[in-house]
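Undergrad: Dropping the structure in here first, questions after.
The values are calculated or read from the model by the stated rules, or taken from the named source; none is laboratory data. What you see is a predicted model; the values in this text were computed from it and never measured. Neighbour counts are summed over all protein chains in view; Cβ atoms, including those assigned to glycine, are modelled from backbone coordinates with ideal geometry. Calculation scope for accessible area: heavy atoms of the full protein, side chains included, ligands and nucleic acids excluded. Shrake-Rupley method; radii C 1.70, N 1.55, O 1.52, S 1.80 Å.
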Amino acid sequence: EPYRRQRQMCIRDSDNTVLLGVAERYKSKGNHIITTNIEHHAILHTCEYLEKHGCEVTYLPVDENGMVTAEQVKNAIRDNTVLVSVMFANNEVGTIMPIAEIGKVCKEKGVFFHTDAVQAVGHLPIDVKAQNIDMLSMSGHKFHGPKGIGALYIRKGINLPNLIEGGAQERNRRAGTENIPGIVGMAAALTEAVNNMEENTKKVAALRDRLIEKILKIPHSRLNGSRENRLPGNVSVCFEGVEGESMLLYLDMQGVCASSGSACTSGSLDPSHVLLAIGLPHEVAHGSLRLSLCEYNTEEEVDFIAEALPPIIERLRSMSPLWERLCRENSFFTHDKH
């Protein structure tokens, strides 16, 4: 739990610096911000705060795969729009956004573009110049760096106010003694991740596809997010008639680490806002499972998970009044989605 708080702090520091900073420094230009309804809570909660203090926020809806288009962004931009913030890839369903196209629209319209790239850095090719990214958030723990360290890229010429006062550290932008071991560790981890990205992506994507194929053989299972346009290590599925928390407990007893929805909200009993946004009913969203793979995982581990899941699902469904009702009424929301 302390480590989770540490890694969330660096994400929130970065996202808050962008949203609060742009809203304050460039308020003479406008007070309208555009984002999506599946962003990390570091973005959504900050936008809610800004709405209470005079800002207007447009939350773009996503399609059933969790995708937002550049056309949606273009149509939402107004004369008083000052910032667009769209995550590079979703942390729950793994869908990768059309960042270069969105960046191009923002540049043409003269609007700042920020992306929360926590899930993408070290796993996907990123070129801030070619993709017209003005500001980018990242976190070291997502590419095997130390927990509790992150970074914010700000394009030269963008002048944001300090989020925390009291020191001249980090070019006066963020007061507080730097975590030198963390910074060096993150830089080393990122260098290794980028140097091995092509090889790692090929291996991890193959493991991901192997696991998805096996899991979707379970009746009334559903893949969440885009099948093709997906983070290499993300597996997100839902099972009808199953309660996600119970599923996690059974998996944990077999040594499988997993989450239901977002790992950031694993202590919450509410269904994932991302799964609801892509159109899943509450009862289906409650039966979600998210598995994250990396280059250190093996085919044997993937096959172990695939073999462990069916009896767990069967057992939970045998005790579920919801499953009994679904079978009786033949009112299933999903069917096998391959």
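Undergrad: In whole Å, what is the distance between the alpha-carbon centres of region 153-210 and region 86-102?
TA: Taking the Cα centre of each part, region 153-210 and region 86-102 sit 18 Å apart.
Undergrad: Magnitude of the Cβ-charge dipole of region 69-137, K/R +1 and D/E -1, about the Cα centre, nearest 20 debye?
TA: Rounded to the nearest 20 debye, it is 180 debye.
Undergrad: Per the 1.4 Å probe, what fraction of the accessible area of region 178-317, in percent, lies on carbon and sulfur atoms?
TA: Accessible surface attributable to carbon and sulfur in region 178-317 totals 54 percent.
Undergrad: Under Stokes-Einstein, with the Kirkwood radius over Cα pairs standing in for Rh, what whole-number D in µm²/s applies to region 176-220 at 4 °C and 1.567 mPa s?
TA: Estimated diffusion coefficient is 97 µm²/s.
Undergrad: A further question follows. Can you give the FRET efficiency for D252 and E48, using 1/(1 + (r/R0)^6), R0 = 51 Å, r = Cβ-Cβ distance, to the nearest 0.05?
TA: Efficiency, rounded to the nearest 0.05: 0.95.
Undergrad: For region 176-306, build the convex hull from the C-alpha positions and give me its volume per residue in Å³.
TA: Considering the Cα atoms of region 176-306, their hull volume per residue is 151 Å³.
Undergrad: In nm, to one decimal, how far is the modelled label at K29 from the one at A205, with both set 7 Å along Cα→Cβ?
TA: Computed distance between label sites K29 and A205 equals 3.5 nm.
Undergrad: From Cα coordinates alone, what are the radius of gyration and Dmax values for region 1-142 in angstrom?
TA: Final numbers for Rg and Dmax: 14.2, 44 Å.
Undergrad: Moving on to the next point. For the chain, set up a Gaussian network in which alpha carbons nearer than 10 Å are linked by springs, and say which option among N162, N37, N224 fluctuates the most.
TA: Among N162, N37, N224, the largest GNM mean-square fluctuation belongs to N162.
Undergrad: Distance between the C-alpha centers of region 115-133 and region 280-305? Whole Å please.
TA: With region 115-133 and region 280-305 each reduced to a Cα centre, they are spaced 25 Å.
Undergrad: Binned at 10 Å from 0, what are the whole-percent values of the Cα-Cα distance distribution for region 94-222, short to long?
TA: Percent of pairs per bin, in order: 11, 31, 33, 18, 6, 1.
Undergrad: Ok, one more. Compute the Rg to Rh ratio over the chain from the alpha carbon atoms, using the Kirkwood formula for Rh, and round to two decimal places.
TA: My calculation of the ratio gives 0.98.
Undergrad: Calculate how many DSSP beta bridges within the chain are antiparallel, expressed in % of all such bridges and rounded to the nearest 5.
TA: Antiparallel: roughly 50 percent of the beta bridges in the chain.
Undergrad: Next question, about the same structure. Mind checking the dipole of region 114-177: about its Cα centre, +1 per Lys or Arg Cβ, -1 per Asp or Glu Cβ, Debye to the nearest 20?
TA: Rounded to the nearest 20 debye, it is 120 debye.
Undergrad: Right, another one. So how much accessible area does M67 have, in Å² to the nearest 10, using a 1.4 Å probe?
TA: About 40 Å², ignoring ligands and nucleic acids.
Undergrad: E300 to K156: extension gain in nm, 0.36 nm per residue of separation minus the Cα-Cα distance?
TA: Once the chain is fully extended between E300 and K156, it gains 47.1 nm.
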